[in-house]
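Let me begin by presenting the structure, written as structure tokens, before commenting on it.
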Amino acid sequence: MVLLVSVAVVVLVIDQLAKWWVVNNLDFRVPKNIIGNLLIFEYDRNSGAAFSIGAGSTWIFSIIAVSVLVFVIWYARRIRSAVWAVVFGLVLGGLLGNLSDRLFRPPGFGVGEVVDFLRIPLLPAIFNLADTAIVTAMALFLVLTVMGVGLDGKRGQAKVSSTTAQGDDIEAPVADEASDEAAAADEGREEAGGETEPHDGEPRNGEHARVADTGHPVDGRA
């Protein structure tokens, strides 16, 4: 949980600092080449969702963002691996970054416009660092899901092996206990009967003594 929160805080802080810099240093909708034509900074405001989707429905996306935020926080309690903590931290930080804009930026609470400034010619829309964090998290989510990595960090086959090993550990003491109980039962029968019955063809205890005295086996007849 500490790693998840740390990632979320880092994403939120960097996103808000970048937006603050853009608002105070770039002219509205005036492109500025950063890496040739590959990366362009262009200050824009978006009233919709990520990548300018659904412009004009800010309050709807604000409600959706809050709902998803609550779900992520609730579901995060199940995470037991660092890689999943990073994934959920990126989602949480990205959601908080854009939700902060919708709640506290003009034109008003809950309907504020999100600051976008990253433009890549290959993509059809302008986006921001919060959007980037969310998309990165979704990509990692798909990769981990395809690989079968659970929230505990173990892959499907590793889980089966672990479960089998645990089953063997449980069965071994049970088998030992059953063996001990059988041995105890045999001892109890010996104590109750005084002696065990001989197998066919074996002389009884008394017959051993009589054979020793006479030198001849006794067949039990008078």
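Laboratory data are not the source of any read-out in this text; all were calculated from the coordinates shown. Source: prediction; values computed, not measured. Note that each Cβ is placed from the backbone with ideal geometry, even for glycine, and that neighbours are counted across all protein chains shown.
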Counting only residues in the stretch 54-111 that are of a type in the set (Gly, Ala, Ser) and in contact with an Asp or Glu (Cβ under 8 Å, 6 or more places away or on another chain), the one surrounded by the fewest Cβ atoms within 10 Å (Cβ to Cβ) is identified as Ser81
inquiry  = Among the residues of the stretch 98-110, are any within 16 Å of Val7 (Cβ to Cβ) and in contact with a Leu (Cβ under 9 Å, 6 or more places away or on another chain)?
reply    = no
